[in-house]
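The values are calculated or read from the model by the stated rules, or taken from the named source; none is laboratory data. Everything quoted here is computed from the prediction, not taken from an experiment. Here the Cβ positions follow ideal geometry from the backbone for every residue, glycine too, while neighbour counts run over all protein chains shown. The area values use the complete protein model at the heavy-atom level, side chains included, leaving out ligands, DNA and RNA. Shrake-Rupley method; radii C 1.70, N 1.55, O 1.52, S 1.80 Å.
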Amino acid sequence: LNEAMNSKIYNNIVYDTTGIDVRFTPTTADIRNNLISGEIRERDGGSVSEGSNLEDISPEQWEAWFTDPDAVDFTLRDGSMFVDEGESVAEVRNDFCENDRNDGEPDIGPVEYDGDDICDTTHPYGDTQSVPAACGAVQGTVRHRALTSLLLFPLIGIFWLRRKSRKH
């Protein structure tokens, strides 16, 4: 985040990256309930408030927790580290697939694993339909340095960032 005031990053998977940088004096961010491959860093005067994030998640942990993270399949295998371990955030009422987060014990990450419905994370909003305009969603591919990113922003923000594969 560069010169981004009052940013809110809630309930995301930030996969196969070095993390989230909050940079420069005007940048402020509230970062909560995220599963992150890398770290949350304050740089060059940026300021962060944070809570209930799991950082520095190893490839082995991703593989143990989810079916196939490299294919963006975050079907749960073992969620003991993050299911029911989040904190309540008033702005986050639904998960990635629009399932309610109403069981009183929020999960860390974009999917609420409370048994309501199965959430297909391999498609935006869990299905092959277009993203509902009412959600104010923006989809796109962003290329920045060595990253290729799929960004999905329903309300607060759910996104996956993946390193661009390199051919040798």
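The figures follow:
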quantity	calculated
Cα-projected label distance for residue 28 with residue 4, points at 7 Å along beta-carbon direction, nm	1.6
Nearest-10 value in Å² for the accessible area of residue 25, using the 1.4 Å probe	110
Area of residue 54 that stays accessible when all protein chains are in place (1.4 Å probe, Å², to 10)	40
FRET E, pair residue 75, residue 49, Förster distance 35 Å, beta-carbon r, rounded to 0.05	0.65
Accessible area in the full protein assembly, largest first, 1.4 Å probe, for 88, 37, 80, 52	88, 80, 52, 37
